[in-house]
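J.: One structure is given below, represented as structure tokens, and several questions about it will come after.
The values are calculated or read from the model by the stated rules, or taken from the named source; none is laboratory data. In this text, all values refer to a predicted model and were calculated from it rather than measured experimentally. Methodologically, a virtual Cβ is constructed for each residue, glycine included, from the backbone with ideal geometry; neighbour enumeration extends over all protein chains shown.
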Amino acid sequence: MNYILIVFVKNPVPGKVKTRVAATVGDEKAVEVYLELLKHTKAVITKWLAEPGEEVQKRAVIYYGDYINPNDLWDDTNFLKKLQVSYPDLGMRMQAAFEVELTSKSARVVIIGSDCLALRPEHLTAAFEALNENDAVIGPADDGGYYLLGMKKLLGFLFENKSWSQPSLMEETLADLNRQGESKDVPYTYQLLQTLSDIDTWEDYLRELKAMNSF
């Protein structure tokens, strides 16, 4: 079995990342927040990659938004680096990445971003295990979107006509899964993971830090 984790990241350029955070604290601080999120995401993935698994091959592929940075925290030893296709629509870019990585019947592919300080290795483990029994897996975010999406065969309709970065995204995604499944002799199956919080604003960041420090 091949477990392939796609990670969509942005190049940490002032004015290009965490613009809603920057609206409160400025571009430079927004880059600091984004770099912290990247470091957290890397730490989670590194732990997940190190977890033993029988007859499972794991790999993480970093898909950059603008250009591939050869000298950043994503070292070439543990992470494969690729460039997102230059489509303007996020759904089209995500679908293109899934098309590249879903190359065999044994492939299980999951995509995440780098906006979730609550993400843990066990969420990734649960996502891939869910795909052994389901067509899709989704990690809902409490803002109405999702922090994770996975599948074992390409479900292209999940990337079409969606309100990206809007609070209706999760609802639209589930509606499409159920609607498309109704037309099949065997409906699509999916599993929902634990709902987590994405970091979109400075207030999100402060709230998540407080929650983490409360444990």
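J.: For the condition more than 21 Å from MET1 (Cα to Cα) and more than 16 Å from the chain's Cα centre (by Cα), what is the one hit in GLY139, GLY156? Break it down into steps so the answer makes sense when it comes.
T.: Values: GLY139 fails: more than 16 Å from the chain's Cα centre (by Cα).
Only one candidate qualifies: GLY156.
J.: Something else now. Please specify each residue of the stretch 41-85 satisfying the condition of being among the β-branched types (Val, Ile, Thr) and either under 23 Å from ARG120 (Cα atoms) or in contact with a Leu (Cβ under 7 Å, 6 or more places away or on another chain) (or both).
T.: Correct list: THR41, VAL44, ILE45, THR46, VAL56, VAL61, ILE62, ILE68, THR77.
J.: Ok, one more. Give, as residue ranges, the strands (runs of 3 or more DSSP E) completely inside the stretch 104-215 that count at least 3 residues that are in contact with a Gly (Cβ under 7 Å, 6 or more places away or on another chain) and of a type in the set (Phe, Trp, Tyr).
T.: Fully inside the stretch 104-215 and qualifying: nothing.
J.: From ASN178, ASN161, ASN134, grab the single residue that is polar (S, T, N, Q), surrounded by fewer than 19 Cβ atoms within 10 Å (Cβ to Cβ) and either out of contact with any Phe, Trp or Tyr (no Cβ under 9 Å at 6 or more places or on another chain) or closer than 23 Å to ARG207 by Cβ (or both).
T.: After ruling out the rest, the residue left standing is ASN161.
J.: Out of the stretch 165-202, which residues are within 15 Å of LEU37 (Cβ to Cβ) and not small (Gly, Ala, Ser)?
T.: Let us first name the residues in the stretch 165-202 that are within 15 Å of LEU37 (Cβ to Cβ), namely 196-202.
Hits for the stretch 165-202 are LEU196, ASP198, ILE199, ASP200, THR201, TRP202.
J.: A further question follows. Within the group TYR64, TYR34, which residue is among the hydroxyl-bearing types (Ser, Thr, Tyr), closer than 24 Å to GLU208 by Cβ, surrounded by 14 or more Cβ atoms within 10 Å (Cβ to Cβ) and at pLDDT 95 or above?
T.: Matching residue, one of TYR64, TYR34: TYR34.
J.: Does the stretch 100-120 hold any residues that are closer than 14 Å to GLY150 by Cβ and more than 12 Å from the chain's Cα centre (by Cα), and which are they?
T.: GLU101, LEU102, ALA107, ARG108
J.: Taking the stretch 19-68, which residues are more than 18 Å from ASP204 (Cα to Cα), assigned to a helix (DSSP H, G or I) and not polar (S, T, N, Q)?
T.: Once the filter is applied, which keeps residues that are more than 18 Å from ASP204 (Cα to Cα), assigned to a helix (DSSP H, G or I) and not polar (S, T, N, Q), the stretch 19-68 yields LYS42, ALA43, VAL44, ILE45, LYS47, TRP48, LEU49, ALA50.
J.: Would it be correct to say that ARG59 is more than 24 Å from LEU177 (Cα to Cα), in contact with a strand residue (DSSP E or B) (Cβ under 9 Å, 6 or more places away or on another chain) and not aliphatic (A, V, I, L, M)?
T.: Yes; evaluated as a whole, the condition is true for this residue.
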